[in-house]
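Everything on this sheet refers to the single structure shown next.
The values are calculated or read from the model by the stated rules, or taken from the named source; none is laboratory data. Since the structure is predicted, the reported quantities are computational estimates derived from the model, not experimental observations. For neighbour counting, all protein chains shown are included, and Cβ atoms are generated from backbone atoms with ideal geometry for every residue, glycine included. Just the protein is used for accessible areas: all its heavy atoms, side chains included, with ligands, DNA and RNA removed. Shrake-Rupley method; radii C 1.70, N 1.55, O 1.52, S 1.80 Å.
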Amino acid sequence: MGQSILVVGGGMSGVSAALEAAEAGYDVVLVEKNPYLGGRVAQLHQYFPKLCPPYCGLEINFKRIKSNPRIKLYTMSEVTGIQGEAGNYKVTINQQPRYVNERCTVCGKCGEAVEATIPNPFDYGLGEIKAAYLPHEMAYPYRYVIDPSIVETEDGTKAKEACPYDAVVLDDTAKEVTEEAGAIVWAAGWSPYDISKVEYYNFNSSPDIISNVQMERLAASGGPTGGKIVKLSNGEAPKKVAFIQCAGSRDVNHLPFCSTICCLASLKQATYVREQLKDAEVTIYFIDIRAMDRNEDFYTKVKADEKISFVKSKIGLIEPGENGMLVLEGENTTTGERFKAEHDLVVLATGMQPNTDLSKIPADMVYDEYGFVQAAEGIFGAGTVRRPGEVHVSVQDGTSAALKAIQVVAGR
Amino acid sequence: MATKAYDKSFREEVYQNVDSGEDVKLCMQCGVCGITCPLRGEMTHGPRQLWSLIRAGKREEVMNSPDIMLCTSCYSCKVRCPRGVKVIDVMHGLAHYALEQGIVPRKETAKFGKAFWDSIYKTGRVDETEVPMRYTMMAGPIHGIFNMLEMMDIGRALLAHKRMKFKIGPGLPPSKKIRGMKGLKKMLDKAKSMSPGKEG
Amino acid sequence: MDKNQACYLCKGCGLGEALDFENLEEVLGEAGISEVKTHDALCSPEGVALIQGDVDGGVNAMLIGACSSRVKNDEFNFGSEVIVERASLREQVLYCSEAEYEGEEEAGEDRQMLAADYLRMSAVKLTKSNVPVPFQLELEPETALLVVGGGVAGINAALAGAKTGVQVYLVEKEAALGGFLGKMAKLAPETPPYQELEDTGLTELVAQVEADDKIKVYTGTTVDKTEGAPGNFTITLSGGDSFRCGAIVQATGWLPYEPEKLAEELAYGSNPGIITNVDMEAKAKAGDLGGLNGVAFIQCAGSRDQNHLPYCSAVCCTVSLKQAMMVKEANPEAAVYVIYKDIRTPGQSEEVYREAQRKGVVFIRRDEDYPKISESGGKLAIETMDMTLNDTVEIDELDMVVLATGLKPNNPKVVDAPLVALGMDQEAAKKLAAESKAQCDDWSVLNLQYRQGPNLPTLKYAYPDSHFICFPYETRRTGIYAAGTVRRPMRVSQAVEDATGAALKAIQAAHAAAEGVAVHPRSGDMSFPEFAMQRCTQCKRCTEECPFGAINEDEKANPLPNPTRCRRCGVCMGACPERIISFKNYSVDMIGSMIKSIDVPEEDEEKPRVIVLACENDALPAIDMAARKGHKWSPYIRFIPVRCLGSVNLVWIADALSSGIDGVMLFGCRHGEDYQCHFIKGSELANVRMSKISETLDRLVLESDRVRVEEISFNEVDRVPEIIAEFMETIEEVGPNPYKGF
């Protein structure tokens, strides 16, 4: 088959698009910014509503990629330029140096030798990781990365000397490559909204105010606490946990749209707390609970837990109180009561900002006012760059985008 | 027993006659305004409940709610409302509209407003001694003096910091008028004639 | 094929220092592999070159004793004609076993025995493996698609498929294309700025279908019969026409929830002014919205209700917003209310909510109780709890009350509430649920001529079963993809995407059938089950248990396999009591022989042996990760990866116990309603089979504690050593297997 399909983004929608096109017999170039595939879902502890680990499905997908010669993978790479038109694109890809070549066996010697640490990007900065590291325990490609900050230091030399396999390449450089493609699927995903912008939540005032993506890392066995849900201020188990819905979403001052997944994410995270901490109480502060279609069953199940309560109120203020507690103020819109409630761990259900709002596609594209990509000829948005959505919608969207791309290249 | 509600006439009245009244339509009843307000302890309803009452057609409750005259224009709610409702504008708008209808939901606010207005109208400035004196004396001479005695400590402190001049009573001695008082009066009269409310 | 075997052992990553390689070479020699080479880093270009040199020299089957089979796959891939078996010496020997026990010498010995056993097993596996030959259909593989259902999903699937150049047959039971889209007046806003109602676009869609010479449309037609398998389905239509196709998209849409069932709660039928959202849409389409001064919409009319539809129908909020806006457009003065529990306008639709508010629609939040609708003075009135006023209120002067009723999958046999009915007696509810499920499964639009029934097997609420988070398109009938609202409630724009994706899955399935390879989850696998029919006893277990209905039966109950329907899980192989089902590279004999190749020490050596049959999708990675994390466990454990726990044949347990193995564990994934098994039924079947194993154990006079099934999730890395330790304790309590030494 003549022309390739270029897929940008190796998260759920990008991986789906790449695989579905490749398995239909088309050549695919997959470009991922991180040193590993899987995107945001790789950082999740569990999926709702089944409460199953994302890696179960990712493992299958990686197996499919490993056994499919039609997929050419670039990690640590970004698309910086697109020339041409539908059916005939020239795409410039900028690949950052990994400083570790394919000889790496993940023996771990370089990590042992290096002393410097960096904030762990995989844990949303919650923990530190050695500057020579495996991005996470189930990373694919399964290979170490050396942080550029140590390359020219003594640590860099130590890493190189420690490697028995000659896999550390300190003079690795950024590369620019060009790929030709007939169609492009843009599946660059989302970023958690910068919640410090909602200033009345005082996000930086206490380590016990965390975002929902950080909560996933706290609960994950590979996370900074080994899967223990604790207050980061003192390492103790929380007793009264609050989830604040629409933290930045459905708000014309921040993200005017509904991020769609945060209700279910908080319901799910409430089960993490209840599973681990039998005495902990959970309160979910909400405007509307949006448990769409069959996810309603999950809401019903969570509601049945007596230790999980629901208060219809958008929280208007979070302030550190006495004894390490956090004081939340809100108006219970059912009773009309204006209340102050004390919690020792507060999870902000921050929304999804499309990455196309933060960084535009280097081509002539149309976006809505929130930065979501609109339909175009030859370049197809897929997943959360098109609209916020849960995992299965990203899979569906990736598959659909793959077919649209195939329509462009088929028969050429 | 169910109360009759959602007669549409009052909400239409508000949408049409109150400054930014149509913004009330956009409220999604999240409650953030009520918590943002520095006077949240003083408010009976708060903006959210007022909007809800407007939609439900509860004219009496809304027009007589002291809350609509409590707003200090701090802007917090207006800045934070996730629906972009211009909360302050609607609150002031409601107050104006109530006064226009001859309803005075919160007499103290109206009185203070009058004292404030009188001071500006007469001298062109807000005299820090004059305004509170006039305001307290509105309660009548005896109550007024008792009220003033109660606030003596604050008065002393203000005097000590030269934030207030000594006076023995309203207009004793009279405050200095600003230059160009005539021109200001003209402007104020014109503004008054354009405003839907009367004073305050 | 003539096998030219060799073994390559890696000394890297610490293996060289930890193991006695001379001993391992001896072990391999005894196992029949005399050609053994070692390398300090087998995965390095130099190591790979060493192997490649031998491949060029004729080696075509090799055992690689190095790291886990989950890594370095590119390096150790020498083409599809070369068999590669991997023994995971790094993860399953070096990482997880202690170098030495405190004060004892024999640790090294245990570790060495562990490595030796893995090599023995891999050597057997290599000897018994053959290169798979892809299955070829007898007839020329067909690539055409059948799309059933001519609504928005079906039309889009047909167009999407045709635009890639394949032939599409589009079958619609009504006289015209359109489905529910044809009954709609407008669509809710879908494009920026998400404020204007939109045309349905149906006319253009139909025009596109008609203009496409790759699409053949049958209206007023249903499918009488679907025979065959992917790449070679034969479809017979109600009109008598018949054609072949390669794969199928079923986009048969939804049914409105019956408002008659809401007669009690919402007075449906008592007054012509009480209508459903479907009726309302018809009125709007007929231009019949004038003269309405007061309208109330009641959300969740029968949805999110344990007595009706327990799930959220997903579209009703947006539909009511749209209809409310239409009322307002017809008469801006009208009083319009939406009485809701939660307004659900996900994504950009939040702007639709705001737009409806701007237009003056008033929203009233209710509680769980339905509002009471009554008649007063020729108009309607509603009494409802108003949560924001915290009061019960009455709204009167209404001309119309619209019930926002929900969606059911299009299957007339769906029985609603009893599927769950929380309040019901649990036994009765279960019985009713089973009956209703059976009815749903018996009714079909495709009328599949499958031994397991004519319909796509259904999950809860009669929606087709699917691995609905990671692999939403997977139904349990290979090559047949459900799309749109027949799969789960969804709005029009989502159904369009869903259908487009389903078209690709169908194209892919036909492609895979032509190539003779598996589709998801073992995509590209060329092996397939072969039946040694002369030994078949017609017990029907394989035909009943196949999760994908791949095996038909003849009139004498002989299995008739359809390899292009097969997903290669091996459930049939696990089910067969006569062990007649085998893959070229996976068989009952192979695993049985591997188990028997384990060296079982005498009882007095006090070195028990336990095997773990582990699902290779979830359990095996969890074991790898646990080992890498530094967890240690008993060196008496031997892991044997299996395609799926469903492929575990009971004879393996018997093989193990009769050869002196002290215990057997099965590691598989969660089953039940929230199953994780990629083959849907595998782990469930394994559990059922194991529950019956006590009989076998009794016959052997063995304790049932010796066999255990454990559910283990991919991320339960820390549980791996715990489970093993606990089982080893049990085995110690039970004592050595009396069959040792026999």
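Structural remarks
- Taking residues in region C:664-686 that are more than 27 Å from C:S634 (Cβ to Cβ), and partners anywhere that are surrounded by fewer than 24 Cβ atoms within 10 Å (Cβ to Cβ) and aromatic (F, W, Y), the pairs with Cβ atoms closer than 7 Å and at least 6 places apart or on different chains are C:E684/C:Y675.
- Selected residue (criterion: farthest from the other protein chains (Cβ to nearest Cβ)) from residues of region C:45-93 that are under 24 Å from C:C615 (Cβ atoms) and touching a Lys or Arg at 6+ places or on another chain (Cβ under 6 Å): C:E85
- Considering residues of region A:186-210 that are among the small types (G, A, S) and surrounded by fewer than 21 Cβ atoms within 10 Å (Cβ to Cβ) only, the residue nearest to A:T384 (Cα to Cα): A:S191
- For region C:455-490, filtering for residues that are more than 10 Å from chain A (Cβ to nearest Cβ) and in a loop (DSSP other than H, G, I, E, B) leaves 10.
- Neighbours by Cβ (under 7 Å, 6+ apart or cross-chain): first from region C:723-738, under 12 Å from C:L702 (Cβ atoms); second surrounded by fewer than 16 Cβ atoms within 10 Å (Cβ to Cβ): C:V734/C:D705
- Test: C:G228 is farther than 16 Å from C:G150 by Cα, assigned by TED's automatic domain parsing to the domain that holds C:G479 and outside any loop (DSSP other than H, G, I, E, B): yes
- Members of region C:595-619 that are outside any loop (DSSP other than H, G, I, E, B) and either in contact with a Ser or Thr (Cβ under 8 Å, 6 or more places away or on another chain) or open to solvent by 10 Å² or more (accessible area, probe 1.4 Å) (or both): C:I595, C:K596, C:S597, C:E603, C:D604, C:E605, C:V610, C:C615
- Members of region C:495-523 that are assigned to a helix (DSSP H, G or I), open to solvent by 10 Å² or more (accessible area, probe 1.4 Å), more than 7 Å from every other protein chain (Cβ to nearest Cβ) and not β-branched (V, I, T): C:A514, C:E515
- Residue ID - nearest to A:A304 (Cα to Cα), chosen from residues in region C:255-313 that are buried (at least 17 other Cβ atoms within 10 Å of the Cβ) and of a type in the set (K, R): C:R304
- Residues in region A:295-305 that are open to solvent by 10 Å² or more (accessible area, probe 1.4 Å), under 15 Å from C:C300 (Cβ atoms) and in contact (Cβ under 8 Å) with a residue 12 or more places away in the chain: A:D297, A:Y299.
- Where strands (runs of 3 or more DSSP E) fall wholly inside region A:281-370, the ranges with 2 or more residues that are over 24 Å from the mean Cα position of the chain (by Cα) are A:281-286, A:308-312, A:317-320, A:326-331, A:338-343.
- Verdict on A:V185 being within 29 Å of A:N212 (Cα to Cα) and either without any contact (Cβ under 8 Å) to a residue 40 or more places away in the chain or in a strand (DSSP E or B) (or both): yes
- Filter pass, C:A686 being surrounded by fewer than 18 Cβ atoms within 10 Å (Cβ to Cβ) and not in a loop (DSSP other than H, G, I, E, B): no
- When each of C:E172, C:E210, C:E142 is tested for being surrounded by fewer than 18 Cβ atoms within 10 Å (Cβ to Cβ) and modelled with pLDDT of 95 or more, the lone residue that passes is C:E210.
- Residue list for region A:2-54, filter: at positive phi and surrounded by fewer than 22 Cβ atoms within 10 Å (Cβ to Cβ): A:G25, A:L51
- Selection within region A:355-388 - within 25 Å of C:G484 (Cα to Cα), within 13 Å of chain C (Cβ to nearest Cβ) and either buried (at least 23 other Cβ atoms within 10 Å of the Cβ) or touching a strand residue (DSSP E or B) at 6+ places or on another chain (Cβ under 7 Å) (or both): A:F372, A:V373, A:Q374, A:F380, A:G381, A:A382, A:G383, A:T384, A:V385, A:R386, A:R387, A:P388
- Positions within region A:222-254 being among the polar types (S, T, N, Q), more than 14 Å from chain B (Cβ to nearest Cβ) and over 16 Å from A:Y124 (Cβ atoms), in sequence order: A:S233, A:N234
- All strands (runs of 3 or more DSSP E) inside region A:57-160 with 3 or more residues being within 14 Å of chain C (Cβ to nearest Cβ), more than 19 Å from the chain's Cα centre (by Cα) and of a type in the set (D, E, K, R): none
- Among (1) open to solvent by 20 Å² or more (accessible area, probe 1.4 Å); (2) in contact with a Pro (Cβ under 9 Å, 6 or more places away or on another chain); (3) among the aromatic types (F, W, Y) - the single one A:F122 does not satisfy: (1)
- Subset of region A:162-176 that is within 13 Å of another protein chain (Cβ to nearest Cβ) and hydrophobic (A, V, I, L, M, F, W, C) - its residue that is farthest from the chain's Cα centre (by Cα): A:C163
- Strands (runs of 3 or more DSSP E) within region C:1-95 that include 3 or more residues outside the structural domain of C:G630 (by TED's automatic domain parsing), open to solvent by less than 20 Å² (accessible area, probe 1.4 Å) and closer than 26 Å to C:M113 by Cα: C:5-10, C:61-66, C:83-88
- Yes/no for C:D117 being over 22 Å from C:Y636 (Cα atoms) and not assigned by TED's automatic domain parsing to the domain that holds C:I598: no
- Number of residues in region C:353-368 that are farther than 16 Å from B:Y6 by Cα and either away from chain A (no Cβ under 14 Å) or crowded, with 23+ Cβ neighbours inside 10 Å (or both): the value is 3.
- Helices (runs of 4 or more DSSP H) contained in region B:58-175 and holding at least 1 residues within 19 Å of the chain's Cα centre (by Cα): B:59-63, B:76-80, B:87-100, B:107-123, B:130-137
- Some residue of region B:66-76 being under 30 Å from A:K340 (Cα atoms) and open to solvent by less than 10 Å² (accessible area, probe 1.4 Å): yes
- In region B:24-47, the residues that are open to solvent by less than 20 Å² (accessible area, probe 1.4 Å) and more than 9 Å from chain A (Cβ to nearest Cβ): B:V24, B:C27, B:P47
- Hey, C:T696 more than 29 Å from the chain's Cα centre (by Cα), farther than 30 Å from C:G630 by Cα and assigned to a helix (DSSP H, G or I) or not: yes
- Remark: A:L328 matches the filter, which requires a residue to be farther than 25 Å from A:G389 by Cα, modelled with pLDDT of 95 or more and open to solvent by less than 10 Å² (accessible area, probe 1.4 Å).
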